[in-house]
Amino acid sequence: MKTLLITCLLTLSSLLTINAQNKTSNAGIKFGYNLAAVSFDGETETGQRHAFHAGIYGESFLSDNTALQIEFLYSQQGYELQDNSGTFTQKLDYINVPLLLKIYPSNNFYLEAGPQAGLAISHKEEFDSSFGVFDTTQEFEPNNFDWGMNFGGGFKTNSGVSLGVRYHLGLGDIYDEGSPQNRVWQFSLGFNL
């Protein structure tokens, strides 16, 4: 994972340096709202966990309407299951590194797609019973590495404020049993620095 992080940082640095003379590169911060769920065996999807994400990005234009963007995001993911006996919540927190190809069909509208690698930095499973007597906290060992694809779009003003929506389709299994994979809707607000 250290090699992946170093490679991503070098790629970002190189892209920003190459285009710095043309002033076609920018970097910024972003944050937003997550609706996270998990798909089991590609068939059943859990209830959603409401959470957030925050991080930094670097965008470098390859042409007038095409850009490459790399991000480093803290992202709260997981899921919730509710029934008559209570609510089970899985809290999985990641450091995600998406690499996105962005197409600008117009000056302010963009579409994006690309791979994402993630490193699980914390995890916790909680059961909140209706009675409070049976509340428990237990930890399971998820796989540390996650990966998948992102698809999205958004609007970016000339001043560098962006509003975007993205869907993350997890392709790596969270646990070895049942093939659970992340499914995350992200709604983001970004600001160029």
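The values are calculated or read from the model by the stated rules, or taken from the named source; none is laboratory data. Bear in mind that the values here come from a model prediction, so they are computed numbers and not experimental data. Methodologically, a virtual Cβ is constructed for each residue, glycine included, from the backbone with ideal geometry; neighbour enumeration extends over all protein chains shown.
General remarks:
- Matching residues in segment 71-101 - criterion: being more than 25 Å from His123 (Cβ to Cβ) and crowded, with 22+ Cβ neighbours inside 10 Å: Leu100
- Those residues of segment 102-111 which are surrounded by fewer than 16 Cβ atoms within 10 Å (Cβ to Cβ) and at pLDDT 95 or above, in sequence order: Ile103, Pro105, Phe109, Leu111
- Ser106 vs. criteria of a type in the set (Gly, Ala, Ser), more than 16 Å from the chain's Cα centre (by Cα) and not in a strand (DSSP E or B): yes
- Wholly within segment 116-193, strands (runs of 3 or more DSSP E) carrying at least 1 residues that are modelled with pLDDT of 95 or more: 145-156, 161-170, 180-192
- Cβ-Cβ contacts under 8 Å between residues 6 or more apart (or on different chains), taken from a first residue in segment 164-182 that is closer than 15 Å to Arg49 by Cβ to a second residue that is at pLDDT below 85 and hydrophobic (A, V, I, L, M, F, W, C), are listed as Pro180/Phe40.
- Thr17 of a type in the set (Val, Ile, Thr), modelled with pLDDT under 55 and outside any strand (DSSP E or B): yes
- Checking the stated criteria, Ala54 turns out not to satisfy the condition of being under 17 Å from Gln186 (Cβ atoms) and either acidic (Asp, Glu) or in contact (Cβ under 8 Å) with a residue 60 or more places away in the chain (or both).
- Screening Leu68 with (1) in a loop (DSSP other than H, G, I, E, B); (2) at pLDDT 95 or above; (3) not β-branched (Val, Ile, Thr) gives one miss only, at (1).
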